[in-house]
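K.L.:
Questions regarding the structure given below will be posed in turn.
The values are calculated or read from the model by the stated rules, or taken from the named source; none is laboratory data. Quick caveat: nothing in here was measured; it's all calculated off a predicted structure. Counting neighbours? That spans all protein chains shown, and the Cβs are built from the backbone with ideal geometry, glycine included. Note: areas computed on protein heavy atoms with side chains; ligands, DNA, RNA excluded. Shrake-Rupley method; radii C 1.70, N 1.55, O 1.52, S 1.80 Å.
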Amino acid sequence: MKSFIAPLMAAFAFAASSGGANAQISDDVVKIGVLTDMSSLYADATGKGSLTAVQMAVADYGGKVKGKPVEVISADHQNKPDVGVSIARNWYDNDKVDAIFDVPTSSVALPISALTREKNRININSGGGTSDLTGPACSPNTVHWTYDTYALSNVAGKAMLKRGEDTWFFITADYAFGMALERDAANVVKENGGKVLGDVRHPLNNSDFSSFLLQAQSSKAKVIGLANAGGDASNALKQAAEFGITQTGQKMIALLLQITDVRSLGIKATQGLIATDSFYWDTNDETRAFSKRFNDKVGHMPTGIQAGLYSATMHYLKAIEAIGTDEAPKVMAQMRATPINDFFTSNGKIRIDGRMVHDMYLFEVKKPEESKGQWDLYKLLATVPGDEAFRPLDKGNCPLVAKTN
């Protein structure tokens with residue numbers, strides 16, 4: 001009898017771990033929650049466009065995975081950590097959400113990543129920027145998909161320094177993202193022989209930058225670095241143009257500049273600005289095809305964050321399809337084991353720290369006479385391979401890396 005039971009139990013154990021059965025899709029549905037900024041300073045770069053990108057990917061996949069429906073829900077975290085965590089906790093505990101996507105605003109992204117680890121679900125972050133997500137706060141349950149503060153600073157900062165622009169003053173958003181962006185940019189400046197002459201902090205979602213700009217101007221720094229994003233970056237750039245700051249010889253750099261920001265400000269006001277991004281709609285036939293479909297639905301070309309969400313959703317669904325389960329650790333292992341090849345990136349890879357490594361691009365905003373249409377805004381200066389753009393794996397102080405060594 002024992003000789004019969006032992007192989008039978010082994011067979012059951014193999015079946016349970018192999019992930020091949022449809023029954024391993026929990027609750028007979030794969031549920032994705034898009035947690036984003038629907039109403040404030042990041043709404044254009046993320047918001048409804050982020051939700052649409054995820055919905056497009058699900059529809060293009062066929063609306064099902066392993067025969068089970070894929071459901072997408074969404075909420076506005078209002079850029080408030082307590083609101084975001086409350087929504088996420090309810091999604092995980094009561095709505096049985098399998099994965100939370102997007103999460104712009106680093107002060108919200110960090111606790112959502114921690115909660116996701118506690119609940120053993122999956123968080124694919126596209127909108128949040130802090131490189132701490134793959135550094136001290138790294139998690140086996142979080143993937144940082146699109147960009148981070150290290151890559152933004154590394155690509156644009158080095159380009160400016162090579163041109164001799166070696167003294168900097170930072171205008172920084174006073175929360176996790178701004179702090180991380182200034183920190184990473186300041187490190188690039190110092191490591192490449194430059195000097196940081198000062199910094200000033202401003203509240204999130206600020207409207208008046210006059211005092212901050214005057215402090216930056218009086219520093220006589222060659223470069224005024226904006227360590228902020230969305231509406232804050234737009235407001236600062238707009239007011240800098242009104243004050244004629246660049247006409248005195250100082251350079252402005254928005255370390256995170258979205259194509260929607262450039263379109264909103266206008267090419268005349270932003271011409272010559274350096275921008276680092278993960279995606280541009282007019283790169284090739286594939287990017288143009290996706291972007292046209294997106295534009296038809298949303299009314300503007302996709303930001304890198306939004307394009308990244310389509311890519312991430314597809315990769316997530318393919319992982320579930322491949323292993324037959326939406327169990328978080330197995331899906332994460334499959335995503336890490338599978339290269340990403342789509343319109344967003346070629347040969348992208350997910351490291352043990354959660355960083356999805358892919359090429360980044362250095363752009364310059366075109367002059368008005370160079371632009372051939374309302375979204376013809378960038379000219380490519382350089383393509384930076386992912387391994388050069390993103391922080392080296394052993395430099396981020398991620399505890400998961402130490403465990404693998």
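K.L.:
In the stretch 42-195, what % of DSSP beta bridges are antiparallel (nearest 5)?
P.N.:
Numbers: 2 of 10 bridges.
Approximately 20 percent, going by the DSSP bridge assignments.
K.L.:
Determine the share of the chain's accessible area contributed by carbon and sulfur atoms, expressed in whole percent, with a 1.4 angstrom probe. Intermediate results must be reported in sequence, preceding the final value.
P.N.:
Values: 8260 of 16240 Å².
Carbon and sulfur atoms account for 51 percent of the accessible area of the chain.
K.L.:
Sticking with this one: Note down the relative contact order for the chain as a percent, whole number, built from C-alpha pairs under 8 angstrom at least six residues apart.
P.N.:
Numbers: 820 pairs, mean separation 75.4, N = 405.
Rounded, it is 19 percent for the chain.
K.L.:
Need the full-extension length gain, residue 162 to residue 96, defined as separation in residues times 0.36 nm minus the C-alpha distance. One decimal, nm.
P.N.:
Details: separation 66, 0.36 × 66 = 23.76 nm, distance 5.04 nm.
That works out to 18.7 nm of additional length.
K.L.:
While we're looking at this one, here's another question. Roll a 1.4 Å probe over the protein chains and send me the accessible area per residue for the chain in Å². Walk me through the numbers before you get to the answer.
P.N.:
On the way: 16240 Å² over 405 residues.
Result: 40 Å² of accessible area for each residue.
K.L.:
Follow-up. Roughly how many Å is it from the Cα centre of the stretch 41-62 to that of the stretch 162-191, as a whole number?
P.N.:
That distance is 30 Å.
K.L.:
Set the bar at 27 Å for Cα to Cα. Now go through 31/379; 195/395; 251/379; 238/366 and name every pair that lies beyond it. If you can, show how the numbers build up before the last one.
P.N.:
Working: 31/379 39 Å; 195/395 22 Å; 251/379 18 Å; 238/366 17 Å.
Those over the limit are 31/379.
K.L.:
Under a point spin-label approximation (7 Å from Cα along Cα-to-Cβ), what is the residue 190-residue 397 distance to one decimal in nm?
P.N.:
So the label points at residue 190 and residue 397 sit 1.3 nm apart.
K.L.:
At what distance in nm do the modelled label points of residue 201 and residue 369 sit from each other, each positioned 7 Å from its Cα along Cα→Cβ?
P.N.:
In this crude spin-label approximation the distance works out to 4.5 nm.
K.L.:
Net charge around residue 298, counting only other residues with Cβ within less than 14 Å of its Cβ (Lys, Arg = +1; Asp, Glu = -1)?
P.N.:
Numbers: positive: 48, 263, 292, 293, 297; negative: 44, 296.
Result for the neighbourhood of residue 298: +3.
K.L.:
Trypsin sites (Lys or Arg not before Pro) within the stretch 126-221: which are DSSP loop residues with at most 13 other Cβ atoms inside 10 Å?
P.N.:
Working: sites: 158, 162, 163, 183, 190, 195, 201, 220; in loops: 163, 220.
Counting only loop positions with at most 13 other Cβ atoms within 10 Å, the trypsin sites (Lys or Arg not before Pro) in the stretch 126-221 are 163, 220.
K.L.:
Below 8 Å between Cα atoms, with a sequence gap of 6+, how large is the relative contact order for the stretch 68-127 in percent?
P.N.:
Working: 62 pairs, mean separation 21.0, N = 60.
Worked out over the stretch 68-127, it gives 35 percent.
K.L.:
About its Cα centre, what dipole magnitude does the stretch 152-275 give when the only charges are +1 on Lys and Arg Cβ and -1 on Asp and Glu Cβ, stated in debye to the nearest 20?
P.N.:
On the way: 13 positive and 11 negative charges, 83 e Å.
For the stretch 152-275, the charge dipole is close to 400 debye.
K.L.:
How big is the C-alpha Rg of the stretch 317-405 next to the rule-of-thumb value 2.2 N^0.38 Å, as a ratio?
P.N.:
Values: Rg = 17.9 Å, N = 89, 2.2 N^0.38 = 12.1 Å.
Its radius of gyration relative to the 2.2 N^0.38 Å reference: 1.48.
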